[in-house]
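Structure first, then comments.
No value in this document is a laboratory result; all are computed from the given coordinates. The model shown is predicted, which means the values in this text are computed figures rather than measured ones. So basically every Cβ, Gly included, is an ideal-geometry build from the backbone, and we count neighbours across all protein chains shown.
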Amino acid sequence: MDAARTYSLADLETWSRPGVSLAVLGHPIKHSISPAMHNAALAELARADARFADWRYFRFEVPPEELPRALELLHAKRFLGVNLTVPHKILAFTSPRVAAIDPAAQPVGAINTLRWSAAGWEGFNTDGHGLATGLHEDLGRALAGAHVILLGAGGAARGAAIECLQQGVASLWIANRTRENLDGLLTQLAPFAGEIPVHGFDPRTPPPALPRGALVINATSAGLKPDDPLPVDLAALPAPAAVYDMIYNPPETRLLAAARALGLPRANGLSMLVHQGARSLEIWTGGPVPVEAMARAARAEMAGRH
Ligand code: NDP
């Protein structure tokens with residue numbers, strides 16, 4: 001078994017490996033940097049503790065229609081843990097093959113981490129932790145008490161919004177291109193908002209009531225491609241405090257370039273990726289993990305691409 005390879009469901013059918021195996025499933029998955037990140041951490045763990053010597057993390061290309069069989073086989077083959085990425089996070093949340101879901105992940109409606117148990121997979125969502133820790137590490141910002149302007153109303157935005165509410169932001173302002181999707185998200189969030197004011201707006205016409213000094217978080221996919229439009233005109237917002245773009249490839253999106261031009265503190269989503277991965281690995285190992293080794297591996301992978 002080669003941790004640098006991309007495996008398929010057919011490989012899983014005949015999978016036979018004596019050590020502890022971990023995996024990430026996605027579609028597409030070829031460019032995932034999770035294997036590099038996790039295998040770097042496992043190598044470092046193994047240097048201090050021989051228990052980890054035969055732990056390896058593999059990537060599997062799994063289209064959505066193959067997810068049920070993949071989860072069944074991974075469980076039968078005793079993979080200890082699985083990460084899920086696009087398009088599996090929401091599908092797995094409702095999969096009958098997932099026996100239990102961490103209560104903190106329930107409001108998110110999506111899971112990105114599975115842990116083997118005899119009764120079936122246990123599901124967790126570590127993206128919120130990744131976001132909160134990344135914001136703190138890169139921008140020195142806590143979500144608690146912050147005014148947040150969140151861009152997007154898809155799966156990543158929902159996870160980010162729930163994290164904002166769970167951490168106790170001062171207010172949450174959500175902007176999305178398609179009003180219907182925004183309204184859907186606002187309805188889903190309402191039961192979890194408590195006393196926190198949550199508002200929606202059209203990013204083309206930011207309302208005058210927006211707070212000054214807000215933390216702007218991009219959870220749209222606008223920026224993945226070089227000719228994508230800006231998800232919002234930062235200059236039209238009342239003096240934001242900082243900008244965090246969940247996108248990390250490219251490392252500088254048009255939004256981050258605009259933040260740079262305005263002199264705003266800014267960061268891309270690589271720290272979120274690293275910290276969601278670190279939390280997943282903690283769930284599997286049951287102990288502390290070498291986050292810095294994961295961050296180094298992630299940065300090296302990205303540097304190799306640009
Ligand atoms: P979804 O497909 O669920 O949602 C996409 C969102 O982007 C929607 O709000 C959509 O708006 C908006 N959008 C797409 N294209 C445009 C555009 N051209 N202009 C304005 N808005 C647009 O995707 P996800 O929520 O799963 O992922 C969103 C982003 O977050 C991705 O770039 C992903 O890479 C990143 N991400 C990063 C992570 C990390 O660890 N750093 C973890 C998870 C996600 P509309 O409703 O109008 O279609």
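Does segment 129-268 come out rounded, prolate or oblate, given a ≥ b ≥ c as the square roots of the eigenvalues of its C-alpha gyration tensor, rounded meaning a/c under 1.5 and, failing that, prolate meaning a/b above b/c? All intermediate terms of the calculation are to be shown ahead of the outcome.
Values: a/c = 1.40, a/b = 1.23, b/c = 1.14.
Rounded is the answer for segment 129-268, as its axis ratio a/c remains below 1.5.
Could you tell me the relative contact order of segment 211-306? Use alpha-carbon pairs under 8 Å, at least six residues apart, and round to a whole percent. Walk me through the numbers before you get to the answer.
Working: 126 pairs, mean separation 21.4, N = 96.
Result for segment 211-306 is 22 percent.
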Open item on the list: Give me the percent relative contact order of segment 1-108, please, defined on Cα pairs under 8 angstrom at least 6 residues apart.
Closed with: 37 percent
- [ ] Once you have all Cα-Cα distances for the chain, histogram them in 10 Å bins from zero and send the whole-percent values.
- [x] 6, 28, 34, 22, 9, 1, 0
Open item on the list: Given points 7 Å out from each Cα along the Cα-Cβ axis, report the PHE192 to ASP11 separation in nanometres with one decimal.
Closed with: 3.4 nm
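Just to be sure I understand: of the beta bridges DSSP finds with both ends in segment 1-134, what percent are antiparallel, rounded to 5? Numbers along the way, then the final one.
Working: 6 of 22 bridges.
Around 25 percent antiparallel, to the nearest 5.
Normalised by the residues of the chain, what does the relative contact order come to in percent, with Cα pairs under 8 Å and at least six apart? Please report the intermediate quantities before stating the final value.
Working: 608 pairs, mean separation 51.6, N = 306.
The normalised contact order for the chain reaches 17 percent.
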- [ ] Mind putting a number on the dipole of the chain about its Cα centre? Charges go on the C-beta only, +1 for Lys and Arg and -1 for Asp and Glu, and I need it in Debye to the nearest 20.
- [x] 320 debye
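Can you put VAL20, VAL216, VAL243 in order, fewest other beta carbons within 10 Å first?
Details: VAL20 20, VAL216 25, VAL243 28.
By the 10 Å Cβ count, ascending, the order reads VAL20, VAL216, VAL243.
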TODO: Could you tell me the distance between the Cα centroids of segment 242-306 and segment 109-183, to the nearest Å?
DONE: 15 Å
Task: Helix 67-76 axis, angle to the chain major axis (alpha carbon atoms, nearest 10°) - done: 40 degrees
Open item on the list: How would HIS275, HIS31, HIS88, HIS306 line up from fewest to most surrounding beta-carbon atoms within 10 angstrom?
Closed with: HIS306, HIS31, HIS275, HIS88
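Fewest Cβ neighbours within 10 Å first, please rank SER171, SER271 accordingly. Show your work: numbers first, answer last.
Working: SER171 17, SER271 23.
Placing the least packed residue first, the sequence is SER171, SER271.
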TODO: Quick one: angle between helix 291-305 and the longest Cα principal axis of the chain, in degrees between 0 and 90, rounded to 10, please.
DONE: 80 degrees
